[in-house]
Amino acid sequence: MKKLLFILFIIILSILGYGFYLKNTGGNNAELIIGVGVVLIAFVLMPLFIYHRYKDKDLKSFQFKNFREELEKFHEKEGKDI
């Protein structure tokens, strides 16, 4: 998965680079190619990256409830009120 993400990232950077090259040389479809690159980043690369990073994590540890409990324990240990 890591290699797929890297290859996809390089391909998308190449598409963006080609789009900016066309824009500087006066190409007709430059904005379209740049737009396709941005859409690929937003709707393909980013969701794959997020899935790859969080697929084996316990997401309950990121809830606010757990943060609040840990904060209360910390303040009790320090002897301070919230």
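Derivation of every value follows stated rules applied to the coordinates shown; laboratory data play no part. In this text, all values refer to a predicted model and were calculated from it rather than measured experimentally. Counting neighbours? That spans all protein chains shown, and the Cβs are built from the backbone with ideal geometry, glycine included.
Taking the Cα-to-Cβ direction at LYS2 and at VAL36 and moving 7 Å from each Cα, how far apart do the two end points lie in nm?
The answer from the label model is 3.1 nm.
Excluding residues fewer than 8 places away in the same chain, name every one of the lysines whose C-alpha is closer than 30 Å to that of LYS55.
LYS2, LYS3, LYS65, LYS73
Would you mind estimating how fast the range 1-62 diffuses translationally, via Stokes-Einstein at 25 °C and 0.890 mPa s with the Kirkwood radius over Cα pairs, in µm²/s?
Details: Rh = 13.0 Å.
The calculation lands on 189 µm²/s.
For Cα pairs less than 8 Å apart in space and 6+ apart in sequence, what is the mean separation divided by the residue count of the chain, i.e. the relative contact order in percent? Could you put the intermediate results ahead of the total?
Numbers: 38 pairs, mean separation 19.4, N = 82.
RCO, the chain: 24 percent.
Nearest 500 deg cm²/dmol is fine: what mean residue ellipticity at 222 nm does the chain get from its DSSP H runs of n ≥ 4 alone, each adding -39,500 (n - 2.57), divided by its residue count?
Numbers: 4 runs with 59 residues, N = 82.
So the helix-based figure for the chain works out to -23500 deg cm²/dmol.
If you place +1 on the Cβ of every Lys and Arg and -1 on the Cβ of every Asp and Glu, how big does the dipole about the Cα centre of the chain come out, in debye to the nearest 20? If you can, show how the numbers build up before the last one.
Numbers: 12 positive and 9 negative charges, 62 e Å.
Rounded to the nearest 20 debye, it is 300 debye.
Cα axis of helix 2-25 to longest principal axis of the chain: angle in degrees, 0 to 90, nearest 10?
50 degrees
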